[in-house]
Amino acid sequence: VTENRSDLEDLHLYATPREQRFRRFASLEFEGQLYMTPYDFIQAVTNDEPKRAKQWRSLSKQELNQILMETPPIWKGSSKLFRNLNEKGVISYTEYLFLLCILTKPHAGFRIAFNMFDTDGNEMVDKKEFLVLQEIFRKKNEKRERKGDEEKRAMLRLQLYGYHTSTNSVLKTGGEDLVPRSYWDTLRRSTSQALFSDLAERADDISSSLSDTTLLVHFFGKKGKAELNFEDFYRFMDNLQTEVLEIEFLSYSNGMNTISEEDFAHILLRYTNVENTSSYLENMRCRIPEEKGITFDEFRSFFQFLNNLEDFTIAMQMYNFASRSIGQDEFKRAVYVATGVKLSPHLVNTVFKIFDVDRDDQLSYKEFIGIMKDRLNRGFRGYKPIQRYTTFKSCVRKELYSR
């Protein structure tokens, strides 16, 4: 089913940036609702645009059931799950937002995420509890909707959630219309028992009106009766982060065990709105004349560290308030103390050579944290293609922090 071009562009006028991106990359439609395949999701977090023409293929009930029957259970999960499933899976818009949250959160936050869904405190999450996020994200989305034709907005809601929604129902905030910074903040702010009790009343209605998805079957079994424990939940989240990082790394490594320091620099600078990236790249080339390469373990550890950037910022601010810059040993220690991540000497040296533009062998708050924080609030502004490939986190941050 190929959507009429004018209708697509017309609905895009009423869609938020996240909705627009989901609709661009989604390739499946079932009973009026759009879905991504696992392949679509990977493409959405690693590329600027879809690799294929805009087309939504209509799934039959039999085809959907066959896809769900072939979905592996949670205990068969791996860091190649999405690549192995490829086109044989369906991911809803709500789940897309949830997966984006996972990609940018520290491992320490996984327990918080699990506890958000474990509303009865039995250290297990069932399908009904997990579906509460459907309402949280939906209500959050309504607060951010672009104003316009209500009929068009209703069409979008049907596409994204699979059922018509009322703009007046569900979330109660004591008279306050809170607008948190991100979907993660929405989940954190929505953990009061009163709120979850209110949402839980609708969970059965939501469940009966929605089709099962790959994620729901993966978590809760084909009959939806299984429960999810924290160990399995943690493993899924860790595997997803690892899988996307592997895809990112392999896109630069060309089959080798390392990527070049320059490619690593391109990845980091793409996160930012730095106008003159050439000075950083030239600085690094001059100061690391012999390429040693960055291994995947080093690559992964740095991104784990970046997911803890808020905690590290506190440590860096202490140096900044004291008007002190820090050397490589101090930087390494601050990373470990604040985040628990150990960075290799070569990786730290590479970071210094990229960001120490004034070549004083010190890394100031302005030289590093300022640039790294730049990407957190840029949204869709200043997004610039630097190299051959798109880094996944630049896409993810666009989704989570766009306004």
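The values are calculated or read from the model by the stated rules, or taken from the named source; none is laboratory data. The structure presented is a predicted model; accordingly, all values stated were derived computationally and were not measured. Quick reminder, even Gly has a Cβ in these numbers, built from the backbone with ideal geometry, and neighbours come from all protein chains shown. Accessible surface is based on the protein model in full, side chains and every heavy atom, while ligands, DNA and RNA are left aside. Shrake-Rupley method; radii C 1.70, N 1.55, O 1.52, S 1.80 Å.
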TODO: State, to one decimal in nm, how far the label point of Glu31 lies from the label point of Asp361, with both points 7 Å from Cα in the Cβ direction.
DONE: 6.7 nm
Task: Share of carbon and sulfur in the accessible heavy-atom surface of the stretch 53-135 [1.4 Å probe, %] - done: 52 percent
Open item on the list: From the C-alpha coordinates alone, can you work out the Kirkwood hydrodynamic radius of the stretch 223-305, in Å?
Closed with: 15.0 Å
- [ ] Take each of the peptides 59-71, 290-302, average the number of other beta-carbon atoms within 10 Å over its residues, and list them starting from the highest.
- [x] 290-302, 59-71
- [ ] Express in nm, to one decimal, how much length is gained between Glu310 and Val337 on full extension, taking 0.36 nm for each residue of separation and deducting their alpha carbon distance.
- [x] 8.4 nm
Open item on the list: How much accessible area per residue does the stretch 256-377 have, counting only protein heavy atoms and a probe of 1.4 Å, in square angstrom?
Closed with: 47 Å²
TODO: For the stretch 22-128, state what percent of all Cα-Cα pairs lands in each successive 10 Å bin, counting from 0 Å until the bin that includes the largest distance.
DONE: 13, 39, 35, 13, 1
Open item on the list: Using a Förster radius of 45 Å, what is the FRET efficiency between His346 and Glu150 based on their Cβ-Cβ separation? Nearest 0.05, please.
Closed with: 0.20
- [ ] Please work out the FRET efficiency for the pair Arg52 and Met256, using the Cβ-Cβ distance as r and a Förster radius of 25 Å; give the result to the nearest 0.05.
- [x] 0.30
Task: Length added when fully stretched, Met318-Glu330, from 0.36 nm per residue minus Cα-Cα - done: 3.1 nm
Task: Surface/4 estimate of mean projected area, convex hull on alpha-carbon atoms of the stretch 256-377, nm² - done: 7.1 nm²
Task: Portion, in percent, of the accessible area of the stretch 256-377 that falls on carbon or sulfur, probe 1.4 Å - done: 47 percent
Open item on the list: Starting from the 7 Å offset along Cα-to-Cβ, what nm value, one decimal, do you get for the label separation of Leu281 and Asp297?
Closed with: 3.0 nm
